[in-house]
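Heads up: the structure comes next, in structure tokens.
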Amino acid sequence: MKKVAIVGASGYSGEELVRLLLSHSYTELAAVTSRQYAGQTLAQVFPKFAHHPRAKTLRFSEPKAELLAKEAEVVFLALPHGVAAEFAVPLLKQGCRVIDLSADFRVRSAVVYKEFYAHEHPAPELLKDAVYGLPEIYRAEIRKASLIASPGCYPTSILLPTVPLLRAGLVRSAGMIADSLSGVSGAGRKAELDYLFVECNESARPYGVPKHRHLSEIEQELALAAGTPVTLQFTPHLIPVNRGILTTLYLEPATSGSPASTLERLNACYQAAYGTEAFVRLLDGKALPDTKNVVGTNVIEIAWRLDSRTGRLIVMSAEDNLVKGASGQAVQSMNIMCGFPETSGLV
């Protein structure tokens, strides 16, 4: 059993981590932190977990790196960007393995980080050591990592459908467009006017246009897959659901050919990349991604269509922003890193 801790366990992603780790066969949830709820038990803060014996005895504590390093071998950081690095540095020095759900270590360049997050990187010396935690793409690197930068929810919904196509040279790296729709939990558990029920219900709106922060890691990973710089046109939208992300990508096939031969190459590419993956559901026939089929799971659905009128490839994905887009994917990376069965705690 690995002892694990969650720093920032009272947010939406933190709550999901609690749910997954309480039922994990190979972990013991040793510590949860929250300044707001310090002293209260898990059962008091999250009554939904009250049936679990650990929830009645485990209390939230103030976040202190030196104490966490004594209590846990693996520490999840479910904190805002800029704050997570303050804990990652001392925890790594004391021998912990760290899985960071913030953006602090996702971008490999401190200059790009400052451009998108408007402040200096708090620990640039660690950027070279961080592994981008997209298991289906970086499984071998995750296995050896001490610091995992778990991807954002939008990037996961965009990168998993596109990286295999770019690596195989099946689509052009220029002119890529992504439209994404996200549930309100993607904004985090906070009291802000824009996210109150009356403001969100019966409403849909774009935001973060034209330069959403997640573009930094999305373009970085697309460029690595394509072998050339990539500029993505990305428009996120807020929709009145609790959770889930639906993404539609518009791509240009790299070579001309009959629709049948193009689709045959695409099908073969996706099957080679994800045909045996536990958490990627490739849809066939008339099926299209639907958030209701993935909410609460660590699964991403992917489907694709070739538009014979425009010549464009339309690729669609659906995921739960709090599971495959955050906490579930982080646990999946932990399973790989610790040598557990990859599906542990996730099915």
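Quick note: the coordinates plus some simple rules give every number you see, no bench work behind them. Keep in mind that what you see is a predicted model, and the values were worked out from it rather than measured. As a convention, Cβ positions derive from the backbone with ideal geometry for all residues, glycine included, and neighbour counts pool all protein chains shown.
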Worksheet item: Which of the lysines could a cross-linker span from K2 if the Cα-Cα distance has to be under 23 Å and same-chain partners fewer than 8 positions apart are dropped?
Response: K56, K64, K70, K93, K144, K324
Worksheet, complete the sentence: Taking a ≥ b ≥ c as the square roots of the Cα gyration tensor eigenvalues, with a/c under 1.5 meaning rounded and otherwise prolate when a/b beats b/c or oblate if not, region 40-163 comes out prolate
Worksheet item: When the Kirkwood radius is taken over all Cα pairs of the chain, what Stokes-Einstein diffusion coefficient follows at 10 °C and 1.306 mPa s, in µm²/s?
Response: 77 µm²/s
Worksheet, complete the sentence: Percent antiparallel among DSSP beta bridges confined to the chain, rounded to 5, stands at 45 percent
Practice prompt. Pull out the extension gain between A174 and R189, defined as 0.36 nm times the separation in residues minus the alpha carbon to alpha carbon distance; nm, one decimal.
Written response: 1.8 nm
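If each residue of separation counts as 0.36 nm, what is the full-extension length gain between A118 and Q233 once their alpha-carbon separation is subtracted? Don't jump to the answer; show the numbers that get you there.
On the way: separation 115, 0.36 × 115 = 41.40 nm, distance 2.07 nm.
Going from the current span to full extension adds 39.3 nm.
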Practice prompt. Give, as ranges by residue number, the residues of region 66-83 whose backbone N falls under 15 Å from the point 7 Å along Cα→Cβ of R35.
Written response: 78-83
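Starting from region 1-51, pick out the trypsin sites (Lys or Arg not before Pro) whose DSSP state is loop and whose Cβ has at most 16 other Cβ atoms within 10 Å. Write out the running numbers ahead of the final one.
Working: sites: K2, K3, R19, R35, K48; in loops: R35.
When the trypsin sites (Lys or Arg not before Pro) of region 1-51 are filtered for loop state and at most 16 Cβ neighbours within 10 Å, R35 remain.
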Discussion item. Nearest 10 degrees is fine. How inclined is helix 153-167 to the longest principal axis of the chain, computing both from alpha carbons?
Written reply: 40 degrees
Worksheet item: Considering amide H positions built from the backbone, and no H for Pro or chain starts, which residues 5 or more places from A254, or on another chain, come under 5 Å of its amide H?
Response: V171, R172
Discussion item. Using only Cα atoms and rounding to the nearest 10 degrees, what angle (0 to 90) does helix 12-22 make with the longest principal axis of the chain?
Written reply: 70 degrees
Worksheet item: What is the extension gain from T310 to T57, computed as 0.36 nm multiplied by their sequence separation minus the C-alpha to C-alpha distance, in nm to one decimal?
Response: 85.1 nm
Worksheet entry | Helix 84-93 vs. the chain, principal-axis angle (Cα, 0 to 90°, nearest 10) | 70 degrees
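Please give the calculated 222 nm ellipticity per residue for the chain, where each DSSP H segment of at least 4 residues contributes -39500 (n - 2.57) and the sum is spread over every residue; nearest 500 deg cm²/dmol? Walk me through the numbers before you get to the answer.
Details: 12 runs with 112 residues, N = 347.
Theoretical 222 nm ellipticity from helices: -9000 deg cm²/dmol.
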Item to complete: Treating cross-link reach as a plain straight distance, find the aspartates and glutamates whose alpha-carbon is under 20 Å from the alpha-carbon of K211, omitting any fewer than eight places away in the same chain.
Response: D104, E115, E120, D179, D194, E219, E221
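Given a Förster distance of 22 angstrom, what is the FRET efficiency for N293 paired with F197, based on the Cβ-Cβ distance and rounded to 0.05?
Numbers: r = 25 Å, r/R0 = 1.14.
My answer for the efficiency is 0.30.
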